[in-house]
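Reviewing the structure listed below.
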Amino acid sequence: MNCRKALEIITLVLDDEATREQEIMLRFHLLGCPSCRKALEFSRDIATITRSLQAPPPPSDLETRVREMLAREDIETTVPRTKRSALLALPAVAAMLVAIFIIPRSHDDEYVACGTTILAGSMRNEPKTASVELTSKSRLTTAPLAGYSRRSSLISF
Amino acid sequence: MSGRIIVSKPAEKDSRSDSQLMVDLCDGDEDAFSEIVRRFQSPIYSLLIRMTGNEEDAKELLQLTFFRVYKYRRNYDPEKKFVNWIFTIASNLAKKEWKRKSRWMSVPLEHVHLSSPVSTAPHYDAGRVQLRASIEEAIDRLPSHYREPFLLREMEQMSYEDIAEILGVRLGTVKSRINRARAKLREMLNDVWEEWK
Ligand SMILES: [Zn+2]
């Protein structure tokens, strides 16, 4: 057995995937090959330390954030697109109307108050789409999900 | 006069299998989703941290992984291993992020040390701490197609078959990539290891 083959078997041994026969062959090779003995010992140390690495705890509000994302997605899919764009335009329309009422007719207090109340009321009933709060980076939360297909047992996005 | 002792019942461990949880979730059991998050958040997070190289991106991809688990819950086949399905989702997201980043940046990944060396090393010794830090950096420097199978094997102790399914590659490819990852790590870490021995 050459060193290249021995190194392949070393990987299998470390992963408990070597056959009995492969182990015996490797053992013979190691008797006369200090370089592969070193590779085995070295890889074992790397494996031990890698396995002991611990990630910081995941964020405690993970589930809440996921559910918020799902709720936003729900709103976006249940409100028809045309209605959504109309709703998104509402603040602009409101501003224009307020400007029309306030600027030229600022003396007519009652009229203005009535106009703004109606507008504010209608905006309160809007779904949250107009002011969706994005998490830290919008590129991930708002990126459209790419076509999703499933082939045999694997999924690809 | 005897005082009443109120013994709070410890939260019972959910003994349902992963795939049963998914079936229950599809039937409208929202608690099943909470349990899935509880079970898989840590392993998925540690893989994502190592794959992205920073906590911020890992957190976002973690969130997106569970979002997709819920959203595509009906695409999951309960006959298959759930762990492979969820890791495939996380892995695909990490790859996508990696591609997106490497298109725009050529700067190396920021190195995140997974464990605080002083508090977690069982027998604190400076050489081991140095070796641990070097190993983490070396893993981060591995090309992603070597790093991922290596991490799934070492950190998640997955079988070659499962890794092949998650990554969508052949069994032989998994073996050779893990072997190459180890060879590259030995190459990168030779000096620090010799010093530590
Ligand atoms: Zn040899």
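Quick notes on this one:
- Additional length obtainable on full extension of the chain from residue A:76 to residue A:60, 0.36 nm per residue less Cα span: 3.1 nm
- DSSP-loop trypsin sites (Lys or Arg not before Pro) across the stretch A:1-71, with at most 12 other Cβ within 10 angstrom: none
- P(r) tail fraction, the stretch A:3-52 - alpha-carbon pairs more than 17 Å apart, %: 29
- R0 of 51 Å, Cβ-Cβ distance residue A:68-residue B:194: FRET efficiency to nearest 0.05: 0.50
- Each residue of the stretch B:166-178 is assigned a 3J(HN,Hα), and the resulting list reads 4, 8, x, 10, 6, 4, x, 5, 4, 4, 6, 5, 5 Hz, derived from the Karplus form 6.51 cos²θ - 1.76 cosθ + 1.60 (θ = phi - 60°), x at Gly and Pro.
Taken together, the values in this text are just the output of simple stated rules run on the coordinates, not laboratory data. Please read all numbers here as calculations on a predicted model, not as lab measurements. For neighbour counting, all protein chains shown are included, and Cβ atoms are generated from backbone atoms with ideal geometry for every residue, glycine included.
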